[in-house]
Amino acid sequence: MIADPANTDMTGLYARDTDRVCVVPDRLNYRIGAFVDYGDQQNCSGSGTVTRVGEALHITFAGAPGCDFDARFEGDRIVFPGRMPQACEKLCGRRASFAALDVRRLSDSVSEASTLRDSKRKLLCAIGG
């Protein structure tokens with residue numbers, strides 16, 4: 001059975017290989033964090049807010065003004081666009097990118113999602129953060 005994205009809560013921890021995304025509820029909406037790591041200091045790390053309209057996720061990463069974009073939510077999967085705003089490059093080192101990030105849900109647990117850290121040990125979806 002395939003989950004209906006319109007009736008599925010997006011809270012959780014998502015992953016594929018070394019790519020990770022966390023989504024946790026916040027006071028008004030949701031917080032999101034994303035981390036990709038290709039080794040040799042080629043990684044991206046960002047956190048911010050996400051709002052949802054149907055299958056569309058509007059993501060705004062803090063710390064990189066202009067890094068806001070729409071991703072897809074498919075019930076058990078989050079897919080970032082193939083082209084990211086240039087402002088998002090500030091969140092990445094060397095040749096890494098968030099472009100076409102495609103992750104599947106590992107857990108719908110808020111406590112697991114809130115423990116996601118980047119390579120500098122920064123919590124990306126801290127509860128109340």
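The values are calculated or read from the model by the stated rules, or taken from the named source; none is laboratory data. Not measured: the values here are computed from a predicted model. Glycine also receives a Cβ, built like all others from the backbone with ideal geometry; neighbour counts cover every protein chain displayed. The area values use the complete protein model at the heavy-atom level, side chains included, leaving out ligands, DNA and RNA. Shrake-Rupley method; radii C 1.70, N 1.55, O 1.52, S 1.80 Å.
I need a count of the residues in region 76-103 that are basic (Lys, Arg) and surrounded by 14 or more Cβ atoms within 10 Å (Cβ to Cβ).
Within region 76-103, residues that are basic (Lys, Arg) and surrounded by 14 or more Cβ atoms within 10 Å (Cβ to Cβ) number 2.
Check whether at least one residue in region 62-77 is among the charged types (D, E, K, R), at negative phi and touching a helix residue (DSSP H, G or I) at 6+ places or on another chain (Cβ under 7 Å), and report yes or no.
Filtering region 62-77 for residues among the charged types (D, E, K, R) gives 68, 70, 72, 74, 76-77.
Restricting the remaining residues to those that are at negative phi gives 68, 70, 72, 74, 76-77.
Pick out the ones that are also touching a helix residue (DSSP H, G or I) at 6+ places or on another chain (Cβ under 7 Å) and you get 74.
There is at least one residue in region 62-77 that is among the charged types (D, E, K, R), at negative phi and touching a helix residue (DSSP H, G or I) at 6+ places or on another chain (Cβ under 7 Å).
How many residues are within 18 Å of residue 120 (Cα to Cα) and outside any strand (DSSP E or B) when one looks only at region 10-44? It would help to see each step written out before you state the result.
Restricting attention to region 10-44, the residues satisfying the condition of being within 18 Å of residue 120 (Cα to Cα) are 18-22, 32-44.
Right, trim to outside any strand (DSSP E or B) and you get 18, 38-42.
So the answer is 6.
Starting from region 53-82, keep only residues that are within 22 Å of residue 17 (Cα to Cα) and acidic (Asp, Glu), then list their pairs with residues that are assigned to a strand (DSSP E or B) and open to solvent by 70 Å² or more (accessible area, probe 1.4 Å) whose Cβ atoms are within a distance under 9 Å, requiring at least 6 positions of separation or different chains.
Taking only residues 6 or more apart or on different chains, the pairs are 76/104.
Specify the residue that is least open to solvent (accessible area, probe 1.4 Å); the eligible residues are those in region 45-65 that are more than 25 Å from residue 121 (Cα to Cα) and part of a strand (DSSP E or B).
At the first step, the residues of region 45-65 found to be more than 25 Å from residue 121 (Cα to Cα) are 51-58.
Adding the requirement that they be part of a strand (DSSP E or B) leaves 51-53, 56-58.
Values: 51: 54, 52: 72, 53: 117, 56: 44, 57: 1, 58: 71 Å².
This residue is 57.
What number goes with the only condition from (1) loosely packed, with under 15 Cβ neighbours inside 10 Å; (2) in contact (Cβ under 8 Å) with a residue 12 or more places away in the chain; (3) over 14 Å from the mean Cα position of the chain (by Cα) that residue 8 does not pass?
So the condition that residue 8 fails would be (1).
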